[in-house]
Structures are given as C-alpha cells and as structure tokens.
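The values are calculated or read from the model by the stated rules, or taken from the named source; none is laboratory data. These numbers come from a predicted model, not from an experiment. For neighbour counting, all protein chains shown are included, and Cβ atoms are generated from backbone atoms with ideal geometry for every residue, glycine included.
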Amino acid sequence: MVTVIVGNEINKDKITLYKNVNLIQNVKNISKLIWDADLVISGGGYLKIEVANLYTPMLVIPVQKHQLDL
C-alpha cells in the first residue's frame, strides 16, 4: 500500500488514483505516518527535518531554487 499525503491546496477530486494508493489530506498527526513509513518522498522544505529526526529514510526533491544547497 502506498500512502500519499497532500496539502490543502490540492484538489483531491482531480487526482487519478491507482490500486493500492491511499490519498490523505488534512493530516492531524503526520509524525505517526512518517514514523510508520518505509520511505518518505518530500520537497525540500521543513518536513525533511522532521523526517530526519524520526530516522525515516527519505528522498528529497527540491521544489525551490534555494533548496538546492540545503
């Protein structure tokens, strides 16, 4: 099962889902989901710090130019 967490700016109704994909929005306890994850794929923002503190493997994809050096 793949769980995808999206922010409020994403319109869930316009996303095509595949089998075994769970889409979550408005997450209350993201730390628990990160802790339970096998891998986190994230943008280069502050979430990467929380993922690192929880020792969860991650793939960071910078989405802003200033994030390239972080």
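Take residue 22 and decide whether it is at positive phi and surrounded by fewer than 11 Cβ atoms within 10 Å (Cβ to Cβ). No, not satisfied. Consider the stretch 2-28 and keep the residues that are in a strand (DSSP E or B) and of a type in the set (A, V, I, L, M, F, W, C). The one that is modelled with the lowest pLDDT is 6. Residues of the stretch 61-70 that are surrounded by 13 or more Cβ atoms within 10 Å (Cβ to Cβ) and either assigned to a helix (DSSP H, G or I) or touching a residue at least 24 places away in the same chain (Cβ under 8 Å) (or both): 67 alone.
Selection over the stretch 29-60 of residues that are under 15 Å from residue 4 (Cα atoms), in a helix (DSSP H, G or I) and among the charged types (D, E, K, R) gives a count of 2.
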